[in-house]
Amino acid sequence: MIVWNPLLRFVTLYLVLNELVNAFTGINSYSNALIKRSHHRLYSSTYGAEKTAELPTAYEWIAEERLELCGGIQWIDPSKIEGDEIEKLLGQLKKSRAENLNLQRVPVCPIDSVFVSGGKDQLLNFVSKRNIKMVQDLRDGVYGPPRFCAVLQALDTNRVASVGTMLNIVGMKEMKAKESDEIAGVIIKVAPEENVSVLSFENPKAWEPEQRLLGSDAYLIAEVQQIESDKNEDEGIEEEIEKLSKELADDFSAVRAMYLDKNGVVIRDLPDFDIVTFSWQLPDAEVVKKRDYMDESTFWKGLEQWQDLCYAARKAYKAKNQVKSLEMCVEASLATFGKMKYPIDREAYPPEYQKAIRSIEDEGAKEYACLETIDPVLTLQGVLSAPSHLDRLKLLHKVISSERKRLEDLMG
């Protein structure tokens, strides 16, 4: 049993913050790592399913398992487009060229996150030669305006989503290596713009595994086409859109209120220091209105509000489980060594403490695995890939209403 005292609380909070900082500085090991505000991506130091559930290693498999919550995401392999896939893409490309539609030749950057059209500016940190070269070419005006297409990458199949978002570079900073003048990485500030469909890849060999294993600076180039807004004048559909929009706004407000309830399922177990930061990260309730969802031009604002809530809620769950695990580590260290020994070596603890720590982590992993209704990546990709505004509303409504029901069930 943990006996709370000021020293134990101080040590635990110190360890939590230290683990979060270490996790944040470590995410750049993957060349396409994303920095999207401090609450966007902080990997948990807890072992097991809780950690693997957040890694972008099984996106395509998870999307198939959660079809009802992710929609119909189409995946393509830039290096191995064949059969039905290439026929479909070539058909779209020929039709677009024949109709003289707005095609753009741009670099394509596979990444492990999804951006919302017209959303807030974001930061990206690139360390691979491929992405550094891409940014430098964009800076030098090789493609005109410094814009590229970001697409979601599924590492389990090495494929990418066929729908992405155009990102406009509005700021850039190069980072040099410590022992030379070589550029070791670039941090760019980007503004998400329109959603686009990827129609054809100009250089599919750039995505072959050998090129990436050799550290080649070749990056993908593709022809993309902006996804046009729906022009549906069916009165029945308009009524359905209005009904769904009202329910969406109501459900979002209800979900947010439950997460902010200090006696609720999440907040009540959070340390005092994190209740404040967690509430700051949740979007303002008054921002999302029925009209925001009804109008296609403002729908994306409401979608980004939901994405922000998903990131904040997931961080809160991870913080809660981290604290429980680290509290037990502190108690085990004090009981074993008579002091707090750091770094943590769990194998040095008595078996009963190791078992207790694993039990806490297993419970946290099970809880975290149930958060499929607050997925800020695959749900967003499903919405982007939906064929119409009505389909986007239906998918988002399904997700938010399911999360509302989950929370209501937990609260009894």
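Quick notes on this structure:
- Meets criteria (more than 24 Å from E60 (Cα to Cα), open to solvent by less than 10 Å² (accessible area, probe 1.4 Å) and modelled with pLDDT under 90) for K339: no
- Evaluation of E208 against (1) open to solvent by 10 Å² or more (accessible area, probe 1.4 Å); (2) at pLDDT 90 or above (one fails), failing number: (2)
- Across the range 118-153, the qualifying residues are those that are over 23 Å from the mean Cα position of the chain (by Cα) and among the aliphatic types (A, V, I, L, M), and the one among them that is surrounded by the fewest Cβ atoms within 10 Å (Cβ to Cβ) is V142.
- Residues considered: A191, A218, A161. Of these, the only one that is in contact with a Phe, Trp or Tyr (Cβ under 7 Å, 6 or more places away or on another chain) and surrounded by 17 or more Cβ atoms within 10 Å (Cβ to Cβ) is A161.
- Against the numbered list (1) open to solvent by 30 Å² or more (accessible area, probe 1.4 Å); (2) closer than 30 Å to S297 by Cβ; (3) of a type outside the set (S, T, N, Q), G171 comes up short only at (1).
- Conditions (1) modelled with pLDDT of 85 or more; (2) under 30 Å from S385 (Cβ atoms); number of the one not met by E327: (2)
- Checking each residue in the range 49-86 for being among the acidic types (D, E) and at pLDDT 55 or above picks out E60, E64, E65, E68, D77.
- Residue ID - farthest from Q381 (Cα to Cα), chosen from residues in the range 403-412 that are open to solvent by 30 Å² or more (accessible area, probe 1.4 Å) and not acidic (D, E): G412
- Only a single item in (1) in a helix (DSSP H, G or I); (2) in contact with a strand residue (DSSP E or B) (Cβ under 8 Å, 6 or more places away or on another chain) is not met by K133, and it is number (2).
- In the range 345-368, the qualifying residues are those that are open to solvent by 50 Å² or more (accessible area, probe 1.4 Å) and closer than 15 Å to Q322 by Cα, and the one that is farthest from the chain's Cα centre (by Cα) is R346.
- For the range 304-333, a tally of residues being of a type in the set (A, V, I, L, M, F, W, C), in contact (Cβ under 8 Å) with a residue 40 or more places away in the chain and farther than 20 Å from T379 by Cα returns 6.
- The lone exception for L89 - which of (1) over 19 Å from N203 (Cα atoms); (2) aliphatic (A, V, I, L, M); (3) at pLDDT below 90; (4) open to solvent by less than 70 Å² (accessible area, probe 1.4 Å) it fails: (1)
- Filtered residues of the range 146-176 (kept if in a loop (DSSP other than H, G, I, E, B) and either at pLDDT 95 or above or among the small types (G, A, S) (or both)): P146, S162
The values are calculated or read from the model by the stated rules, or taken from the named source; none is laboratory data. Not measured: the values here are computed from a predicted model. Positions of Cβ are backbone-derived with ideal geometry, glycine not excepted, and every protein chain shown enters the neighbour counts. Note: accessible area is taken over every heavy atom of the protein model, side chains too, but ligands, DNA and RNA are not part of it. Shrake-Rupley method; radii C 1.70, N 1.55, O 1.52, S 1.80 Å.
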